[in-house]
Amino acid sequence: MKSNFLILILVVVSSYTLAQNATLSPYSYYGIGQPVPTRTAENNAMGGVTVYADSTQFSLDNPATLGKLRFVQYRIGANYNSTLQHSSSVTSSTATSSLNYLALSVPTKYFAFSFGLKPKSSTGYRITNTGELNGLEYQNIFEGTGGVNSTFLGLAANPIDGLSLGVSVLYNFGYNEKRFNEAIVGIQNSTQVITRSEFSGVHYAFGLHFNRNIFSDYTLQFSATITPKSSLESQNSKIISAISNGSTIVEQEQLDLDNMATTTNKLAAETSIGLGIGKSQHWFVGATYVTADQGITSPFENNLDANFVAASRISVGGFYIPKYDSFTNYLSRVVYRVGARWEHTGMEVKSRAVKDFGITFGIGLPMNVLSKVNIGVEIGQKGTTDAGLLKENYTNIMLGFSLSDVWFIKRKYD
């Protein structure tokens, strides 16, 4: 069984970096792209609540929750997104699918550790502008691709009963490529500008998780995380080309960027707290609040119509299991989840705050005593049509596998 899991992990790892166009949103034009939530399918189905942890469930956002694990666990998650984009005059649709996270977590006698891969941001858009200038009809096309991924290693320990402390180190890497094509209708040649940035950097996350039984049957859970400010180094290039017949490069020049060839992006510090209460293996309700300082700033690209400010998110949600140990009714062992999320993204475009709201629901389908297939749906709205911006109505369908196994147990019989 273990070898099958490891083979599956290798297959997924080999395809992971090919699946990072997780968005087709014009809002991903700014900064290093649109942030990609890497909460597990279970957390997402509860509105993004990440405070809950037990022997088979932990949060990718809080390394301390690893301390609650009692079984080796493989986690794989994927996401399908369908979006309707509304401007003041036009509506269009997009659809994307991507892998969302991959992790292997191992508890030992004294500590637990986890390592894996997840996206941090994604860039994907295509915008076409047409108009007339001095009697000539023109067409401008803006395209962007890329994203930033994170490999991570997390460690957690339980210094006293009920308290877990954890730390994660994450290495971020990736690229953004932005293309601008300018053409005059009826004229053979056009101009293309390609701007590319290669990113790399390290950041850390620290977490705490505490649980305590109260009133004999109930458990109170509390969590907190701190991610200090960090930097993301960027190697930049810009190429200008003369294009003939839409694709043939006639002339090309790489610009000398001088002191802009290598720049540093400042990533915001982030803090979260969570609180919840529940009855073991039966129900849980909780809330998570996340706040971040001013968002990504880059000296290489100064977008005059965009500004990064402090961001925040409030998530509420929970789950219900009718009867986890029922032998006669499978539906009684299913985990039913629901939640909601309110978010200030920390981005302002043309002096308009970009806000995001979503409602979520989902189920956890038991495969055996320890493993589940988790399915979640999120329906939400982002942005506004004010000031010529876009409002996005989206649906996310999330699929996650939490596959648990037992290692390091010596067999008594063959």
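For (1) touching a helix residue (DSSP H, G or I) at 6+ places or on another chain (Cβ under 6 Å); (2) acidic (Asp, Glu); (3) surrounded by 15 or more Cβ atoms within 10 Å (Cβ to Cβ), each residue gets a yes or a no:
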position: Ala224; (1), (2), (3): no, no, yes
position: Val250; (1), (2), (3): no, no, no
position: Asp256; (1), (2), (3): no, yes, no
position: Asn259; (1), (2), (3): no, no, no
position: Thr263; (1), (2), (3): no, no, yes
position: Ile273; (1), (2), (3): no, no, yes
position: Gly276; (1), (2), (3): no, no, yes
position: Phe284; (1), (2), (3): no, no, yes
position: Ala287; (1), (2), (3): no, no, yes
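Just give me the residues in segment 330-357 being out of contact with any helix residue (DSSP H, G or I) (no Cβ under 9 Å at 6 or more places or on another chain), within 18 Å of Thr50 (Cα to Cα) and among the small types (Gly, Ala, Ser), in sequence order. Once the filter is applied, which keeps residues that are out of contact with any helix residue (DSSP H, G or I) (no Cβ under 9 Å at 6 or more places or on another chain), within 18 Å of Thr50 (Cα to Cα) and among the small types (Gly, Ala, Ser), segment 330-357 yields only Ala340. The lone criterion from (1) of a type outside the set (Asp, Glu); (2) farther than 30 Å from Thr227 by Cα; (3) loosely packed, with under 13 Cβ neighbours inside 10 Å left unmet by Asn140 is number (3). Please find, within segment 197-217, the residue that is surrounded by the fewest Cβ atoms within 10 Å (Cβ to Cβ) out of those that are of a type in the set (Ser, Thr, Tyr) and in contact with a Leu (Cβ under 8 Å, 6 or more places away or on another chain). Looking at residues that are of a type in the set (Ser, Thr, Tyr) and in contact with a Leu (Cβ under 8 Å, 6 or more places away or on another chain), I get Tyr204. Across segment 85-111, which residue is nearest to Ser402 (Cα to Cα) among those that are in contact (Cβ under 8 Å) with a residue 24 or more places away in the chain, among the polar types (S, T, N, Q) and in a loop (DSSP other than H, G, I, E, B)? So the residue we want is Thr108. When Leu104, Leu66, Leu133, Leu60 are checked against the criterion of being within 20 Å of the chain's Cα centre (by Cα) and surrounded by fewer than 22 Cβ atoms within 10 Å (Cβ to Cβ), Leu104 stands alone in meeting it. Tally up the residues in segment 18-76 that are out of contact with any strand residue (DSSP E or B) (no Cβ under 8 Å at 6 or more places or on another chain), under 17 Å from Ser371 (Cβ atoms) and in a loop (DSSP other than H, G, I, E, B), please. Residues in segment 18-76 being out of contact with any strand residue (DSSP E or B) (no Cβ under 8 Å at 6 or more places or on another chain), under 17 Å from Ser371 (Cβ atoms) and in a loop (DSSP other than H, G, I, E, B): 1 in total.
Checking every residue in segment 371-392 against the condition of being part of a strand (DSSP E or B), surrounded by 18 or more Cβ atoms within 10 Å (Cβ to Cβ), basic (Lys, Arg) and at pLDDT 90 or above gives at least one match.
Condition first: over 21 Å from Thr262 (Cβ atoms), in a strand (DSSP E or B) and modelled with pLDDT under 95. Now tell me which residues in segment 161-199 satisfy that. Before the answer, list the steps.
Applying the first criterion (over 21 Å from Thr262 (Cβ atoms)) to segment 161-199 yields 161-170, 179-192.
Still in the running and in a strand (DSSP E or B): 163-170, 179-184, 189-192.
Once the filter is applied, which keeps residues that are over 21 Å from Thr262 (Cβ atoms), in a strand (DSSP E or B) and modelled with pLDDT under 95, segment 161-199 yields Arg179, Phe180, Asn181, Glu182, Ala183, Ile184, Asn189, Ser190, Thr191, Gln192.
Taken over segment 75-84, residues that are surrounded by 17 or more Cβ atoms within 10 Å (Cβ to Cβ), over 14 Å from Phe58 (Cβ atoms) and either without any contact (Cβ under 8 Å) to a residue 12 or more places away in the chain or not small (Gly, Ala, Ser) (or both) amount to 4. Cβ-Cβ contacts under 6 Å between residues 6 or more apart (or on different chains), taken from a first residue in segment 326-342 that is in contact (Cβ under 8 Å) with a residue 12 or more places away in the chain and more than 16 Å from Phe284 (Cβ to Cβ) to a second residue that is exposed (fewer than 15 other Cβ atoms within 10 Å of the Cβ) and among the hydrophobic types (A, V, I, L, M, F, W, C), are listed as Trp342/Phe357.
Answer yes or no as to whether Tyr330 is over 25 Å from His203 (Cα atoms) and hydroxyl-bearing (Ser, Thr, Tyr). I'd like the intermediate steps shown before the answer.
Details: over 25 Å from His203 (Cα atoms): yes; hydroxyl-bearing (Ser, Thr, Tyr): yes.
So Tyr330 passes the test.
Counting only strands (runs of 3 or more DSSP E) that sit completely within segment 225-338, those holding 1 or more residues that are more than 30 Å from Asn176 (Cβ to Cβ) and within 26 Å of the chain's Cα centre (by Cα) correspond to 270-279, 283-292, 311-320. Flag not set for Leu365, criterion: in contact with a strand residue (DSSP E or B) (Cβ under 8 Å, 6 or more places away or on another chain), outside any strand (DSSP E or B) and in contact (Cβ under 8 Å) with a residue 12 or more places away in the chain. For segment 15-44, a residue qualifies if it is modelled with pLDDT of 85 or more, under 14 Å from the mean Cα position of the chain (by Cα) and of a type in the set (Gly, Ala, Ser), and the qualifying residues are Ser28, Gly33, Ala41.
Checked against the criterion of being at pLDDT 90 or above, of a type in the set (A, V, I, L, M) and within 30 Å of Lys279 (Cβ to Cβ), the candidates Ala64, Ala78 yield just one match: Ala64. One residue stands out in segment 311-358 among those that are touching a Gly at 6+ places or on another chain (Cβ under 9 Å) and among the acidic types (Asp, Glu): the one that is surrounded by the most Cβ atoms within 10 Å (Cβ to Cβ), namely Glu343.
The values are calculated or read from the model by the stated rules, or taken from the named source; none is laboratory data. Being a predicted model, the structure only gives us computed values, none of them experimental. Because the Cβ atoms are built from the backbone with ideal geometry, glycine has one as well, and the counts that use them run over all protein chains shown.
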